[in-house]
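Read-outs: derived from the displayed coordinates by stated rules, not from any lab. Just so we're clear, the structure is a prediction, and the values are computed from it rather than from any experiment. Neighbour counts run over all protein chains shown; Cβ positions are idealised from the backbone, glycine included.
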């Protein structure tokens, strides 16, 4: 007698009915990668005299789908050629680009009204060819200069055509750095101080759960890394702001060593093998200069360093500057000057690690007065 739990075999030519109790195994078939049109991509463009953080939005018109060749052209051929034809320079990092131009106050009408508007029109036309659109509502324009120069700028905005007018701002955020029109970095340092002390207060609540080694690792990763981020820009800022940064580092050292707020530092920085703020700034500048000279930095940084062919000593060429100001703080000026001031034992390092070790040892042996007069 046949077991009723076993389904009888169907006759030949008769389609079998699937048994719901015996389902075939589920196989996961990989879905094809989604290939949306380039209208869904977002880009950013910034002008220093010009545009900061202009995002891209997708237009509603999608009449026809672009071909693969058309999409590749949009990715491989940026609008840098069109921007340079308008008299502007362009630099980019990933999908974030900055468009810049240097001008005199007497040329503000020509640059800010005519040339800048033409640059916008060319950029918008290029974007339209690849189904992109510029978001005018998120466009910001800033002019950098001294207080005297900024007072001579009478224009306060740019008309982008139609009813869209973009007014100048006094502070923009560029790759995490808040840059003001006078490049004092006051707003950035105050915000950095607030963020770092907030982190240290939270760490104080769990201090009893951590060892000294663990706490030092956490402080280095969460606080000291913020002090070291783009700290080459801190060269030349006021002594008041340097003091604010030094307070953050002192608080980090006290948190690791278990001292209280009003305790003296003594030689805690040396025990932790930490350079102070001024020396850390010079350390970053020297490291970038070494990488630029030895071909380990981007090409636009390598172009700033050339050796002079006069005399018996091999020195880097220091660009001439008419007066002290923003030019002294630029990397093209401070980089060669600081690298020329280094001893030969540091400059002749074979590897990056050897150079970092030699440079740190050299900076540790300098006093505060010698650091102030080194460049």
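When a/c reaches 1.5 or more, the comparison of a/b and b/c decides; with that in mind, is the range 278-372 rounded, prolate or oblate per its Cα gyration tensor? Rounded, since a/c falls under 1.5.
I need to check one value: relative contact order of the range 186-274, counting alpha carbon pairs closer than 8 Å and at least 6 residues apart, in percent. Don't jump to the answer; show the numbers that get you there.
Values: 44 pairs, mean separation 31.9, N = 89.
Relative contact order here is 36 percent.
Here the contact order of the range 253-375, divided by its residue count and restricted to Cα pairs under 8 Å and six or more residues apart, works out to 24 percent.
For the listed peptides 249-262, 333-346, a ranking on the average number of other beta carbons within 10 Å per residue, highest first, reads 333-346, 249-262. Here the residues 369, 107, ranked from fewest to most Cβ neighbours within 10 Å of their Cβ, fall in the order 369, 107.
Taking label positions 7 Å along the Cα-Cβ direction at both residue 262 and residue 137, the computed distance is 5.3 nm, reported to one decimal.
If the segment from residue 366 to residue 213 were pulled out straight at 0.36 nm per residue, it would be longer than the present Cα-Cα gap by 52.3 nm. For the range 167-317, the relative contact order comes to 17 percent (Cα pairs under 8 Å, sequence separation of at least 6). Taking the fewest neighbouring Cβ atoms within 10 Å as the starting point, the ordered list for 216, 104, 195 is 104, 195, 216.
Mind sorting 139, 351 by how few other Cβ atoms lie within 10 Å of their own Cβ, fewest first?
Least crowded to most crowded, the residues run 351, 139.
Return the whole-Å distance between the Cα centroid of the range 112-183 and the Cα centroid of the range 212-291. Cα centroid to Cα centroid, the span is 35 Å.
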